[in-house]
1. Which of the residues belonging to region 340-370 are part of a loop (DSSP other than H, G, I, E, B) and touching a helix residue (DSSP H, G or I) at 6+ places or on another chain (Cβ under 6 Å)?
2. Does residue 86 meet the test of being more than 21 Å from residue 448 (Cβ to Cβ), out of contact with any helix residue (DSSP H, G or I) (no Cβ under 7 Å at 6 or more places or on another chain) and in contact (Cβ under 8 Å) with a residue 60 or more places away in the chain?
3. When you scan region 430-447, how many residues do you find that are within 30 Å of the chain's Cα centre (by Cα) and over 18 Å from residue 397 (Cβ atoms)?
4. For residue 51, state whether it is assigned to a strand (DSSP E or B) and either in contact with a strand residue (DSSP E or B) (Cβ under 8 Å, 6 or more places away or on another chain) or without any contact (Cβ under 8 Å) to a residue 40 or more places away in the chain (or both).
5. Which one is surrounded by the fewest Cβ atoms within 10 Å (Cβ to Cβ) among residues in region 386-413 that are part of a strand (DSSP E or B) and free of Cβ contacts under 8 Å to residues at least 40 places away in the same chain?
6. Out of the residues in region 55-93 that are part of a loop (DSSP other than H, G, I, E, B) and touching a strand residue (DSSP E or B) at 6+ places or on another chain (Cβ under 7 Å), state the one that is farthest from residue 373 (Cα to Cα).
7. State which residue pairs qualify: first residue in the same structural domain as residue 167 (by TED's automatic domain parsing) and inside region 128-156, second residue surrounded by 15 or more Cβ atoms within 10 Å (Cβ to Cβ) and outside any helix (DSSP H, G or I) in any location, beta carbons under 6 Å apart, and separation of 6 or more residues or different chains.
8. Quick one: which helices (runs of 4 or more DSSP H) sit completely within region 117-197 and have at least 2 residues that are closer than 23 Å to residue 378 by Cβ?
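The values are calculated or read from the model by the stated rules, or taken from the named source; none is laboratory data. This one's a predicted model, so the numbers in the text were calculated from it and none came from an experiment. In this analysis, Cβ positions are derived from the backbone assuming ideal geometry, glycine residues included, and neighbour counts consider all displayed protein chains.
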């Protein structure tokens, strides 16, 4: 019997028949690209996989939502020509021909003025820096793009390294504002490996042979990718349980694991129903149930008990058992739900420092600028401006423009407690000052996403102190963005991490079978 209140992506009988009779039963906590890619690889190897997702939709940080009358990514994402892991996965999902590639431009807002910095000539004309500072800045970026031994950069702070190469004037004028925008005051504890990874990613596309800043996306955004991914998971016999926040993972004396889901509350005035939701892209033919907005599949709910009051609880069924459990949630959450971890290990996970984000999606009537990314050097309530419709065709938004206004903050920042209206007022007022032609009446929709733990801070000697993916509890693994040690957090690095981890796990399982 399926748990009440918890939706499932139910696999087809055909998918179940493909499973190996000697397979392991594996639970994965989290349905981001890490969890889904790992599930796909394990299922292809013949293992039975169940994904537990606390939210109402798959995708994690790459999930989609409604902004006005349109569905697009909840956070801004882009694919580079050099993102071979992302491109390989999307090709595997059958969407490779849906990529659209665009040459984009980059802007800087400094000293109250908007400047273009999309080529060498514009760089040399950049007013905020004198010629010597520009030369040192250019040499810094060139040097970082050529460094291969990133481990050495973990031993020096980003401020010390950049000041040495670029000079104090350039650091104070350019680097410090950018670091503050991304890391806050925590930049003082961050290693030089952070800026190295950032520069490496931005230069990767140029190394692909185009020598241009070519960015890409799949038509329909990640909503379309996730829709197709859900179909493939179902075809492979993978079950995805939505609205299933995990409370505890425990290893029993017999070696099996239990995964306990938090008891759910539900409205009792809702009768059992199936609601069809269609998008412009596709409708599922397989027997799957997914969150609204992703496909033409169905949302199903269990029949409520008659006369149950709204405040009554619905108890979760007895926990089922698994052979192995993979936690892809943030480290602090992993420590919370896995109490059997050793004391030191538990403490190391709980103490991983993360950076959070407040990100506003804003649908407006007309474009702000020609730039996909506008870096902000002046004081601003948001980190930068990402104009998605400098990349995505505006016809996808009815001729309107979609912009993102991110603000990277500490997980305990008071901004997380601010209302949407307060954030809207602050952000819109700043846009009015930056762009004289922009008027608040141009805003058609404004939504705020809050995520307290997005990426770990790469502090000094970060990789040396990183807890391993295989924990002290045999069969329990913690795999998340903390294990991206030589890159920045993005879908490509996440998919690469999933491949690396599942490769190691499958080797481990093969070794046990051979023994």
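1. Within region 340-370, the first condition is being part of a loop (DSSP other than H, G, I, E, B), and the residues that meet it are 340-342, 351-353, 365-370.
Passing the criteria: 352, 365.
2. Working: more than 21 Å from residue 448 (Cβ to Cβ): yes; out of contact with any helix residue (DSSP H, G or I) (no Cβ under 7 Å at 6 or more places or on another chain): no; in contact (Cβ under 8 Å) with a residue 60 or more places away in the chain: yes.
Criteria not met by residue 86.
3. Looking only at that region, the number is 5.
4. Values: assigned to a strand (DSSP E or B): yes; either in contact with a strand residue (DSSP E or B) (Cβ under 8 Å, 6 or more places away or on another chain) or without any contact (Cβ under 8 Å) to a residue 40 or more places away in the chain (or both): yes.
Yes: the conditions hold for residue 51.
5. Going through region 386-413, the residues part of a strand (DSSP E or B) turn out to be 386-387, 401-409.
Then keep just the ones that are free of Cβ contacts under 8 Å to residues at least 40 places away in the same chain; that gives 387, 401.
Working: 387: 25, 401: 21.
Out of the qualifying residues, it is 401.
6. First, pick out the residues of region 55-93 that are part of a loop (DSSP other than H, G, I, E, B): 55-58, 63, 68-69, 74-78, 81-83, 93.
Those left that are additionally touching a strand residue (DSSP E or B) at 6+ places or on another chain (Cβ under 7 Å): 58, 68, 74-76, 78, 81.
Values: 58: 27, 68: 22, 74: 17, 75: 14, 76: 11, 78: 11, 81: 17 Å.
Only one residue fits best here, namely 58.
7. Correct list of pairs: 128/110; 136/167; 150/486; 153/192; 154/191; 154/462; 156/192.
8. In region 117-197, the matching helices (runs of 4 or more DSSP H) lie at 120-124, 131-146, 158-166, 176-183.
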